[in-house]
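First up is the structure itself, then whatever we jot down about it.
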Amino acid sequence: DAGVIQSPRHEVTEMGQEVTLRCKPISGHDYLFWYRQTMMRGLELLIYFNNNVPIDDSGMPEDRFSAKMPNASFSTLKIQPSEPRDSAVYFCASSLSTGVSSGYEQYFGPGTRLTVT
Amino acid sequence: DAKTTQPNSMESNEEEPVHLPCNHSTISGTDYIHWYRQLPSQGPEYVIHGLTSNVNNRMASLAIAEDRKSSTLILHRATLRDAAVYYCILRDRRQGGSEKLVFGKGTKLTVNP
């Protein structure tokens, strides 16, 4: 398996522009997670989906952020309009639920480094 | 969420064992103990998890105290590739929200050649 795929790997944009980050989870996984990592705040969970349905978006910082999962093999995280404080590495992860005793191990993608100038 | 406490940093020498401690004094009976690590410029990767008994896999061993208030991740022979930030995370195994992981600051492990 190719693992979790994210694109682009690097994105540089100007303040006010729309940014779309993309994620392809591991085939067969039913959970998908979006995280953001900065030096100041560490690794934060933004939102996660189960079977393409958003379960918990309490980590989404504000209305400028939105995430969708139109099908089991694709998700997007959109920032509109972007601001310099959104600069961070954004990770996508997926996992497979196989029962309460499972590890729910999450498999992370390589991340997208976003710089907003 | 139950909290974990880890040292900010640790150092080891190559090919020596490394014991990474984690305190979780408020752990509940339904919490799994998970360890992830993050290599430089990469996403986190799963290392190991356990509930009550010690666990071994190809990457590491997890030793869990009898009262479950602390645990230790053991790397039997550290290599340079093991230099990473190691996160100890508690995950509620009850259904409904048990899928979430809350990452703290972790322990930055430096491995000296």
>> Between a residue in the range A:47-76 that is away from chain B (no Cβ under 12 Å) and any residue that is among the aromatic types (Phe, Trp, Tyr) and open to solvent by less than 50 Å² (accessible area, probe 1.4 Å), which pairs come within a Cβ distance under 8 Å, given they are 6 or more apart or on different chains?
In response: A:54/A:48; A:67/A:34; A:67/A:49; A:69/A:49; A:75/A:34; A:75/A:49
> Can you name the residue in the range B:64-84 that is hydrophobic (A, V, I, L, M, F, W, C) and surrounded by fewer than 17 Cβ atoms within 10 Å (Cβ to Cβ) and, of all such residues, is farthest from residue B:16 (Cα to Cα)?
Replying inline: B:65
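Does residue A:42 count as surrounded by 14 or more Cβ atoms within 10 Å (Cβ to Cβ), out of contact with any strand residue (DSSP E or B) (no Cβ under 6 Å at 6 or more places or on another chain), free of Cβ contacts under 8 Å to residues at least 24 places away in the same chain and within 13 Å of another protein chain (Cβ to nearest Cβ)?
Judged against the criteria, residue A:42 is a match.
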> Scanning for something more than 14 Å from the chain's Cα centre (by Cα), basic (Lys, Arg) and under 26 Å from residue B:40 (Cβ atoms), does the range A:74-86 turn up at least one residue?
Replying inline: yes
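Mind listing whichever residues of the range B:96-113 are over 10 Å from the mean Cα position of the chain (by Cα), within 14 Å of chain A (Cβ to nearest Cβ) and not in a strand (DSSP E or B)?
Let us first name the residues in the range B:96-113 that are over 10 Å from the mean Cα position of the chain (by Cα), namely B:96-105, B:108-113.
This time we only want the ones that are within 14 Å of chain A (Cβ to nearest Cβ), so: B:96-105, B:108.
Answer for the range B:96-113, where residues must be over 10 Å from the mean Cα position of the chain (by Cα), within 14 Å of chain A (Cβ to nearest Cβ) and not in a strand (DSSP E or B): B:96, B:97, B:98, B:99, B:100, B:101, B:102, B:103, B:104, B:105.
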>> What are the pairs with Cβ atoms under 6 angstrom where one residue, in the range A:78-92, is under 14 Å from residue A:34 (Cα atoms) and the other, located anywhere, is charged (D, E, K, R)? Sequence gap at least six, or different chains.
In response: A:79/A:64; A:79/A:86; A:88/A:36; A:89/A:113; A:90/A:36
> For the subset of the range B:17-47 comprising residues that are without any contact (Cβ under 8 Å) to a residue 40 or more places away in the chain, under 15 Å from residue A:93 (Cβ atoms) and not aliphatic (A, V, I, L, M), which member is surrounded by the most Cβ atoms within 10 Å (Cβ to Cβ)?
Replying inline: B:43
> Looking only at the range B:85-109, which residues are surrounded by fewer than 19 Cβ atoms within 10 Å (Cβ to Cβ) and either in contact with a Lys or Arg (Cβ under 7 Å, 6 or more places away or on another chain) or modelled with pLDDT of 95 or more (or both)?
Replying inline: B:98, B:108
> Which of the strands (runs of 3 or more DSSP E) contained wholly in the range B:1-95 include at least 3 residues that are among the hydrophobic types (A, V, I, L, M, F, W, C)?
Replying inline: B:18-23, B:61-64, B:70-75, B:84-92
>> Whether any residue in the range A:2-12 is within 14 Å of chain B (Cβ to nearest Cβ), among the basic types (Lys, Arg) and open to solvent by less than 50 Å² (accessible area, probe 1.4 Å) is what I want to check.
In response: no
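To keep it simple, each residue is scored yes or no on (1) touching a strand residue (DSSP E or B) at 6+ places or on another chain (Cβ under 7 Å); (2) more than 13 Å from chain A (Cβ to nearest Cβ).
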{"site": "B:3", "(1), (2)": "no, yes"}
{"site": "B:6", "(1), (2)": "yes, no"}
{"site": "B:24", "(1), (2)": "yes, yes"}
{"site": "B:31", "(1), (2)": "yes, no"}
{"site": "B:40", "(1), (2)": "no, no"}
{"site": "B:45", "(1), (2)": "yes, no"}
{"site": "B:50", "(1), (2)": "yes, no"}
{"site": "B:54", "(1), (2)": "yes, yes"}
{"site": "B:59", "(1), (2)": "yes, no"}
>> Show me the strands (runs of 3 or more DSSP E) found entirely inside the range A:1-90 where at least 1 residues are farther than 18 Å from residue B:45 by Cα.
In response: A:5-7, A:10-13, A:19-24, A:42-50, A:53-56, A:65-71, A:74-79
>> Just checking, does the range A:77-91 include any residue being of a type in the set (S, T, N, Q), more than 14 Å from residue A:11 (Cβ to Cβ) and out of contact with any helix residue (DSSP H, G or I) (no Cβ under 9 Å at 6 or more places or on another chain)?
In response: no
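The values are calculated or read from the model by the stated rules, or taken from the named source; none is laboratory data. Here the structure is a predicted model, which means the values were calculated and not measured. Glycine also receives a Cβ, built like all others from the backbone with ideal geometry; neighbour counts cover every protein chain displayed. Surface areas here come from the heavy atoms of the whole protein model, side chains and all, with no ligands, DNA or RNA. Shrake-Rupley method; radii C 1.70, N 1.55, O 1.52, S 1.80 Å.
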